[in-house]
Amino acid sequence: MTFIRRQINDGATDHDLITRYQQGGDIESLSSLFQRYLELIYGVCLKYLKDEDAGKDAAMEIFEVLLEKLKSHQIENFRSWLYSVTKNHCLQILRKQKQYPVTIDLAGAVYSDEILHHDIEFDWYDDHADLYACIKDLPDAQRTTIEWFYMEKKSYEEIAAILKVSKDQVRSHIQNGRRNLKTCMTKKNNGTPS
């Protein structure tokens, strides 16, 4: 991994580097933060994309993603947040290529009452292309809120602001979307709940 070079640790915490970037647009701080986690980023990209060159390209794209996302996100645990951002970026690449990594029992996760918050980690794409097809068939508002909430880890507030609707409407779209996904998946499984 010659493209990963070790950074000298100046004693700044992740929070310090994020604050410098958010408050002053300090690209060097962002670069230091990126280099600090580049090995993790590349590892996640390699895990999902299964190709060294594609992994390197995706890892470098994460810097551009961070340029935008770090401007406005308040982050408690940067490492976890970065892992999710990197994973979701790779999943978007795979979705564009129509490939789905194997990692989750999606049928239960999508409409389980436990999967209502971002603190539960799971991957969206599985060999279960049925679920992906069901998501694509949802009405626009339900599909968008489901994807943003579960895949992009956006909060109800963020989604409401983007769509210019109330948080209650966002909650309703997610609940209705989950119910519709359950119905769709049951049909695809020959009428038996999975």
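Read the figures in this text as sums done on the coordinates, not as results from a lab. Here the structure is a predicted model, which means the values were calculated and not measured. Note that each Cβ is placed from the backbone with ideal geometry, even for glycine, and that neighbours are counted across all protein chains shown.
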Using 1/(1 + (r/R0)^6) with R0 = 41 angstrom and r between the beta carbons of Asp140 and Ala12, what's the FRET efficiency to the nearest 0.05?
0.45
Checked against a 24 Å limit on the C-alpha separation, the offending pairs among Lys56/Lys87; Lys136/Lys164; Lys69/Lys96; Lys87/Lys136; Lys154/Lys187; Lys47/Lys96 are Lys154/Lys187
What ratio of Cα Rg to 2.2 N^0.38 Å holds for the stretch 1-98?
1.06
Report ³J(HN,Hα) in whole Hz for each residue of the stretch 72-86, in order, from the Karplus equation J = 6.51 cos²θ - 1.76 cosθ + 1.60 where θ = phi - 60°; Gly and Pro get x.
10, 7, 8, 10, 7, 10, 4, 4, 5, 4, 5, 4, 5, 4, 5
Given the candidates His89, Leu38, Phe78, the one whose Cα lies deepest towards the positive end of the charge dipole of the stretch 1-98, counting +1 at each Lys or Arg C-beta and -1 at each Asp or Glu C-beta, is His89
Does a label point 7 Å from the Cα of Phe63, set along Cα-to-beta-carbon, have any residues of the stretch 11-47 with amide nitrogen under 16 Å, and which are they?
26-43
For a quick protection proxy, order the peptides 63-76, 19-32 by their average other-Cβ count within 10 Å, most packed first.
19-32, 63-76
Per 0.36 nm of contour for each residue apart, how much would the distance between Lys71 and Ser172 grow if the chain were fully extended, relative to their Cα-Cα spacing?
33.5 nm
What does the charge count around Glu152 come to, taking other residues whose C-beta lies under 13 Å from its C-beta (Lys +1, Arg +1, Asp -1, Glu -1)?
+3
